[in-house]
Amino acid sequence: MKQYIGTKLIKAHPQTLGEYNLSKGWTIPANEDPNTKGYRVEYSDSYISWSPKDAFEEAYRVYHNMTFGLAIEALKKGLKVARTGWNGKNMYLWLLPEAEVKKEWVKDPMLLEVFGDKDTLFCLGSIRMKTADGSILTGWLASQSDILAEDWTII
């Protein structure tokens, strides 16, 4: 069997199994304990489910308390991320995805040299940063503090 790992942004709040069943208008089966602690979970497509407390807390953490790895996964999903510990205001990162670039779009003479005789060029993705002064930094690199931090958040 293959192993899977997922990253998704959800909304959730604590709710017992009994409260969840009651909110759905369902009768609680005799073999289920209505006092079982868990979470009511709402997904981005509005699908709603219930998850037992231990399973939920093993799989999810509050999104303003993400690791660097989870921040990278969020970037890959097209979201913007930042650290709450950054000193500058309104700073954030986003991922510029890989793309085919047409020579006719390019104004940079150094980049035109790279094209040579080709009409298109494959450009790898890169992480970009909106800095505190509103400038754009292409090719942002994480410091060791950024990598080890657990104060990443989705903007």
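A few remarks follow.
- Among 37, 76, 107: highest mean-square fluctuation, GNM of the chain, C-alpha pairs under 10 Å: 107
- Cβ charges +1 (Lys, Arg) and -1 (Asp, Glu), total dipole of region 64-154, debye: 280
- Test item: Cα-centred dipole of region 11-60, Lys/Arg +1 and Asp/Glu -1 on Cβ, debye: 160
- All-pairs alpha carbon distance profile, region 64-154, 10 Å steps from 0, percent: 16, 41, 23, 17, 3
- About its Cα centre, the chain has a charge dipole of approximately 260 debye under the convention of +1 per Lys or Arg Cβ and -1 per Asp or Glu Cβ, with nothing else charged.
- Principal semi-axes in Å for the chain [√(5λ), Cα gyration tensor, largest first]: 44, 19, 13
- Environment charge of residue 125, counting only residues whose C-beta is closer than 11 Å and scoring Lys/Arg +1, Asp/Glu -1: +1
- Cα-Cα over 19 Å, subset of 8/80; 11/53; 80/130; 89/130; 11/37; 8/89: 8/89
- Couplings 3J(HN,Hα) for region 126-133, derived from phi with the Karplus relation 6.51 cos²θ - 1.76 cosθ + 1.60 (θ = phi - 60°), are 8, 8, 10, 10, 8, 7, 4, 8 Hz, where x marks Gly and Pro.
Just so you know, all these numbers are worked out from the coordinates, no wet-lab data involved. Keep in mind the model is a prediction, meaning the values are calculated, not measured. With ideal geometry, Cβ positions are generated from the backbone for all residues, glycine too; neighbour counts draw on all protein chains shown.
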